[in-house]
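This report concerns only the one structure given below.
What follows draws every value from the coordinates through simple rules; no lab data is involved. In this text the structure is predicted, and so the values were computed from the model without any measurement. So basically every Cβ, Gly included, is an ideal-geometry build from the backbone, and we count neighbours across all protein chains shown.
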Amino acid sequence: MKLGLLLLATTLPIAAFAQNSNSSTTVNSSTEYPNTFSSGSANVQPFDNKARRFRDWSISVGGGPAFMVHSALTSINKDKVNWGYNAYVSIDKQITHTFGVSLMYMRGETKQTGQLPGVPGQLAGVATATTQFDQVSLLGDINFSNLLRRVDNHSPYRWAFHGYGGLGLQAYRTSLHDNDRNRWSDAPKRVPLFVKKELDLGSVFYQLGLGVKYNVSPLIDIEARTMYLISGEQSFDGSGWNNSSYDPKNPVESGYRYTILNNKRSYNAWTVSLGASFKLGKQLSHLAWHDPLQEAYYKTSVLENASTDLVVCEKGDADNDGVCDDWDRQLDTPAGARVDGAGVALDMDLDGVIDLYDKCVTVPGPVENNGCPIKK
């Protein structure tokens, strides 16, 4: 009796996991992402340049008008606007979908005018100045649209609002002409006022701006941008190096200094540009337009729409015991017999008579007695 209970305790777990009815099992898998129902690993790649599905480099070019503002000599006056120009080219790297950096070269020219007050102004008339500048800068780019709005790949968009800020080095050349002291003359000897600033570590300038981008295609964006350039130089408008204001003790000399029109430490410029960005790389989308939730939606879609590419029980289940012939160790199990995970008919008391034919399932007995013990 004790032996029978021991056999029952050891064989009941096997019976609990017995398989009865399934004749074929199909497993969905994908070559893109792993599936918990499949054995083995799918095509899993590290997140690097080869695995990413977006571009993050581009080259931008553009240009437009430029004006000298907040200076002694200005481009925008009540009676006239003096138009200048700016042109730029940049290499752009998108760090995240909300932030990027650009290495930019800009060249431009402004034209500005101003007239001294009082007698000096009557003698000199309206002074005209020109500033030509070359700038190399590192510019940060914040994509406010990606930063502020909720995005998903069910809501595509083509417009984006950007903010810019950065610093760099600049060189500039200025000239100022009037009808008195700053003109070409041999008698008396006079020349226009010229200033030349070389590109060096002491020629730092700053810039801030806003822009709007439109996604024309996967390869091209167009952009409208306005930038405010802080030169850090009082001679940037052509008015000279002197930062002195009007001196009542020396009214004649100080009256000829154009800096008295607006005596600030830094004269600044303003540019408006229209440009285009050409995206580099072979991926479909650019990171600036790449939906941050797109990866999650893509992976979910792959799993939901995965095709059946792994079929088990391909050879079928000839004895219909619920265990595929691929790993069935007993291919001719009698119909109706309970089997273990390997497809072998259960024999709980291990007497050589399977439970289907054993009339004493828990007590061993000889085959000739249908698995029951012989009474003496």
Open item on the list: Can you list residues from other chains, or at least 5 along the same chain, whose modelled amide H is less than 5 Å from the amide H of L356?
Closed with: R338
Open item on the list: Need the full-extension length gain, L274 to D325, defined as separation in residues times 0.36 nm minus the C-alpha distance. One decimal, nm.
Closed with: 11.3 nm
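For the range 63-194, build the convex hull from the C-alpha positions and give me its volume per residue in Å³.
On the way: hull volume 18.6 nm³, N = 132.
Spread over its residues, the Cα hull of the range 63-194 gives 141 Å³ apiece.
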Task: Selection from C372, G336, L356 lying farthest towards where the dipole of the range 300-372 points positive, charges on Cβ - done: C372
Open item on the list: At 0.692 mPa s and 37 °C, plugging the Kirkwood radius over alpha-carbon pairs of the range 73-135 into Stokes-Einstein gives what diffusion coefficient in µm²/s?
Closed with: 225
- [ ] For the range 133-148, take each phi angle, set θ = phi - 60°, evaluate the Karplus expression 6.51 cos²θ - 1.76 cosθ + 1.60, and give the result in whole Hz per residue in order, putting x for glycine and proline.
- [x] 9, 10, 9, 10, 9, 10, 10, x, 10, 9, 8, 5, 5, 5, 6, 9
Task: Point-to-point label distance, R173-L303, nm (Cα→Cβ direction, 7 Å offset) - done: 6.5
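Net charge near R225: determine it from the other residues with C-beta under 13 Å of the C-beta of R225, scoring Lys and Arg +1 and Asp and Glu -1.
On the way: positive: K213; negative: D92, D141, D221, E223.
Result for the neighbourhood of R225: -3.
Going by average Cβ neighbours within 10 Å, how do the peptides 160-171, 75-86, 178-189 rank, with the highest at the top? Could the numbers behind the result be given before it?
Values: 160-171: 17.2, 75-86: 14.8, 178-189: 12.8.
The most tightly packed comes first, giving 160-171, 75-86, 178-189.
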Task: Relative contact order of the range 74-225, pairs being alpha-carbon contacts under 8 Å that are 6 or more residues apart, as % - done: 19
Task: Gain upon complete extension [A318, K196; 0.36 nm per residue less C-alpha separation] - done: 34.4 nm
TODO: Please work out how much length the chain gains when fully extended from T362 to V101, using 0.36 nm per residue of separation minus the C-alpha to C-alpha distance, in nm with one decimal.
DONE: 86.1 nm
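What value does the range 178-220 have for Rg/Rh, both radii from Cα atoms and Rh as Kirkwood defines it?
On the way: Rg = 22.3 Å, Rh = 15.8 Å.
My calculation puts Rg/Rh at 1.41.
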